[in-house]
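Report on one structure; see the data block that follows.
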Amino acid sequence: MKFIKNTAGNNQHQDAELIAAYKNTGDLNALGTLYNKYMHLVFGVCFNYFKDEELSKDAVMHIFEELVTKLKIHEVLNFKSWLHVLTRNHCLMALRKSSRQNNVSIDDTFVENTEFVHLDIDNTKETQLTIMEKCMETLTEEQRKSVDLFYLQEKCYKEVAEITGYDMLKVKSYIQNGKRNLKICIEKNSGE
């Protein structure tokens, strides 16, 4: 895909510098450089929700426009994670909005029709994400940090150990146990 390319690595220190530069000067070039590093991920999340390339491209641009104002008012420690949440929320709001626009005029006879099918937004993904977020909170601090860094921030075992200060074997154990506990919690809460 020529529209979006990952042109830079993921460096939180560099991200923090670009955020600071943007907040201090309002320089859109700094924001553009920062956003360009993660644009391919934003597109991927959008495409996962919309299943449409053009809608996803439009969403990537709208999300950049949101960043212009939101990044100035929010304190962001991990830009990649924060951007993922912002993207997910943008997509969910767009899906809700589009489902509300599909209104049908209803009269009494139509409602009584047995062929009537109630249309409602598909909340499955949103529900699953909410359950996962709640279940993440039930993990021990060590498991939560390790799982977050390994799966959500895509760090390797060595990087997780360096960031957290945990021993490498402990990191592997925290990730394995955290994943198992997360799965049990999600299965338990999905059945309710």
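Laboratory data are not the source of any read-out in this text; all were calculated from the coordinates shown. As the structure is a prediction and not an experimental result, all values here were calculated from the model. Cβ: placed from backbone, ideal geometry, glycine included. Neighbour counts: every protein chain shown.
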Subject >> Cα coordinate range in the range 122-190, projected on the principal axes (Å, largest first) >> reply: 40, 19, 14
Original post:
Under a point spin-label approximation (7 Å from Cα along Cα-to-Cβ), what is the Gln14-Asn78 distance to one decimal in nm?
Top reply: 1.9
**OP:** Using 0.36 nm per residue of separation minus the Cα-Cα distance, give me the extension gain between Thr25 and Thr138 in nm, one decimal.
**Re:** 36.6 nm
Original post:
Considering the Cα trace of the range 12-100, what is its radius of gyration and what is Dmax, both in angstroms?
Top reply: 13.1, 41
Subject >> Derived scalar couplings ³J(HN,Hα) [the range 72-82; Karplus, 6.51 cos²θ - 1.76 cosθ + 1.60; whole Hz; x for Gly, Pro] >> reply: 6, 9, 9, 8, 10, 8, 10, 4, 4, 5, 4
**OP:** Would you pull out the residues with amide H under 5 Å of Lys155's amide H, same chain only if 5 or more places away, H placed 1.01 Å from N?
**Re:** Phe150
**OP:** Could you compute the FRET efficiency for Met168 and Val85, with r as their C-beta to C-beta distance and R0 at 30 Å, rounded to 0.05?
**Re:** 0.55
Subject >> For the range 144-150, Karplus couplings with θ = phi - 60° (6.51, -1.76, 1.60), whole Hz, Gly/Pro x >> reply: 4, 4, 5, 5, 4, 5, 6
